[in-house]
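Working notes for the structure below.
The values are calculated or read from the model by the stated rules, or taken from the named source; none is laboratory data. What you see is a predicted model, and the numbers here were worked out from it, not measured in a lab. Cβ: placed from backbone, ideal geometry, glycine included. Neighbour counts: every protein chain shown.
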């Protein structure tokens, strides 16, 4: 299938998964993961109606933002503190706030640039040692500490399930993050609005939506030839 057919198929699957969770497709944001994708193909996707794109690497993000500034860009990969200056003010949302040192750098650079920095806290629900993210036990403390920020804003949570190739194995991970969001949302935190739940990729996005995701990050299934 071509890109147009891929997009239609993904949108159909999103709509069906949303319906199974009692929601509308319009409540789910599709972020097209455009890493390694040719800029011409990214523009084609934009012309076919895709509005949100995600990049893992800062250099690639900068290049594509310059070529397609009208799109909404998301930083979804691990962000080094020395690259923060190149991302702040360039993206709609940073999905990978995974450590306190990064939060401090985002705040510093946001203040310097005079912009708000919207981010999601990355949570290592699965507990895999090789995965980035705050342990689930630390998230409440991070949200409480967000009161000190003037530029950085927390808009939700993100997680990555283990790459097993079996969507159902991801379900407990997604369910746990949704449960965490629901519990934390009962409290009021300064500079925090837990409205986004970013979870699910090409192999498991339907399960993620069924378990409460409202942002899914899809690359392979969308851009495959």
Report summary line: Selection from the stretch 114-126 of residues crowded, with 18+ Cβ neighbours inside 10 Å and in a loop (DSSP other than H, G, I, E, B) yields 124, 125
Requested in this report: Considering each residue of the stretch 153-174, count those that are assigned to a loop (DSSP other than H, G, I, E, B) and buried (at least 24 other Cβ atoms within 10 Å of the Cβ), and give that number.
Outcome: 3
Requested in this report: Scan the stretch 105-124 residue by residue and report those that are in contact with a strand residue (DSSP E or B) (Cβ under 9 Å, 6 or more places away or on another chain) and under 23 Å from residue 160 (Cβ atoms).
Outcome: 106, 117, 118, 119, 120, 121, 122, 123, 124
Query raised in the report: Consider residue 177 against the criteria (1) modelled with pLDDT of 95 or more; (2) buried (at least 20 other Cβ atoms within 10 Å of the Cβ); (3) closer than 30 Å to residue 13 by Cβ; (4) touching a helix residue (DSSP H, G or I) at 6+ places or on another chain (Cβ under 8 Å): it satisfies all of them except one. Which criterion is unmet?
Result: (4)
Query raised in the report: Can you name the residue in the stretch 193-215 that is assigned to a loop (DSSP other than H, G, I, E, B) and over 11 Å from residue 174 (Cα atoms) and is also farthest from the chain's Cα centre (by Cα) among such residues?
Result: 203
Requested in this report: Return a yes/no flag: does the stretch 193-211 have any residue that is more than 30 Å from residue 8 (Cα to Cα) and in contact with a helix residue (DSSP H, G or I) (Cβ under 9 Å, 6 or more places away or on another chain).
Outcome: no
Query raised in the report: Within the stretch 153-167, how many residues are at pLDDT 95 or above and farther than 11 Å from residue 123 by Cα?
Result: 3
Query raised in the report: Which residue, of 140, 129, 150, is modelled with pLDDT of 95 or more, assigned to a loop (DSSP other than H, G, I, E, B) and either at negative phi or buried (at least 18 other Cβ atoms within 10 Å of the Cβ) (or both)?
Result: 150
